[in-house]
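Beneath this line is the structure, given in structure tokens, with notes to follow.
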Amino acid sequence: MKKVLALLLFALLVFSTQSMAYASEVALTSVGQSPDAMMIRVVLRNMGIEHDYDSLMKAGDLAGQKVLILVVGGSSKGLGAAGIDKEEEKERAIKLINTARNQGMKILVMHVGGEGRRGQLSDMFIEAVTPLADSVIVVKGGNNDGFFDKLTKDSGIPMHEANSIKETDAPLRTVLLDWGIVIG
């Protein structure tokens, strides 16, 4: 009897966690499958900001959030581990942005890998999503060549720079407060 009860409780637990909808005001995902989104996840946690995180978040996962944060940085190793190619990843990101936009969400693009996370793969993702953002946060080394300046200037997208990943908390706080996000 105890085994049956334990199995039932386990099945209920598994079923309930699989069918749980995201509930936070902020959705966080990677674009390019670098580990950079995990670092922003830590920054958000340290700021007391609840968020829904999934490195492979799909458009159907957006429901009720106010902000979509896309952390851009290409990693061929990360894409391979996720079982997707760069075109599929780009398409996933564009679908996410379009769905978020249709739901009235704000879009924040972040590039925190600095100069070391730039290159042809990352730049392809950066070019695809940055012009669709409401705001951008970049770690300074990632904009040494003015690439983000070029992508944001003509469209009037506000861009904030930080000296390091840890220091992204100040511009992140400013942007999220402006967008009505409650900070712990």
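The values are calculated or read from the model by the stated rules, or taken from the named source; none is laboratory data. Note that the structure is a prediction, hence the values are computed from the model and not measured. For neighbour counting, all protein chains shown are included, and Cβ atoms are generated from backbone atoms with ideal geometry for every residue, glycine included.
For Lys166, the conditions (1) touching a Leu at 6+ places or on another chain (Cβ under 6 Å); (2) within 18 Å of His51 (Cβ to Cβ) are fulfilled apart from (1). Per the conditions (1) within 21 Å of Asn46 (Cβ to Cβ); (2) at pLDDT 95 or above; (3) surrounded by fewer than 20 Cβ atoms within 10 Å (Cβ to Cβ), the sole criterion not satisfied by Thr168 is (3).
Scanning the stretch 70-93 for residues that are buried (at least 16 other Cβ atoms within 10 Å of the Cβ) and touching a helix residue (DSSP H, G or I) at 6+ places or on another chain (Cβ under 7 Å) yields Leu70, Val71, Val72, Gly73, Gly74, Leu79, Lys86, Glu89, Lys90, Ala93. The condition (being at negative phi and in contact with a Phe, Trp or Tyr (Cβ under 9 Å, 6 or more places away or on another chain)) is satisfied by just one residue among Val67, Val71: Val67. Taken over the stretch 88-117, the criterion of being in contact with a Gly (Cβ under 6 Å, 6 or more places away or on another chain) and touching a residue at least 40 places away in the same chain (Cβ under 8 Å) is satisfied by His111, Gly113, Arg117. Inside the stretch 143-165, residues that are surrounded by 17 or more Cβ atoms within 10 Å (Cβ to Cβ) and either part of a helix (DSSP H, G or I) or of a type in the set (Val, Ile, Thr) (or both) make up a count of 7. Could you give me the residue pairs with C-beta distances under 6 Å whose first residue belongs to the stretch 130-141 and is farther than 19 Å from Val43 by Cα, whose second residue is among the basic types (Lys, Arg) wherever it lies, and which are 6+ apart or on separate chains? What qualifies is Asp134/Lys106. Residue-level analysis places Lys66 outside the set of residues that are more than 23 Å from Pro171 (Cβ to Cβ), surrounded by fewer than 19 Cβ atoms within 10 Å (Cβ to Cβ) and more than 11 Å from the chain's Cα centre (by Cα). Taken as a whole, the stretch 70-84 holds no residue that is of a type in the set (A, V, I, L, M, F, W, C) and free of Cβ contacts under 8 Å to residues at least 40 places away in the same chain. For the stretch 171-181, a residue qualifies if it is aliphatic (A, V, I, L, M) and either touching a strand residue (DSSP E or B) at 6+ places or on another chain (Cβ under 8 Å) or surrounded by 12 or more Cβ atoms within 10 Å (Cβ to Cβ) (or both), and the qualifying residues are Leu172, Val175, Leu176, Ile181.
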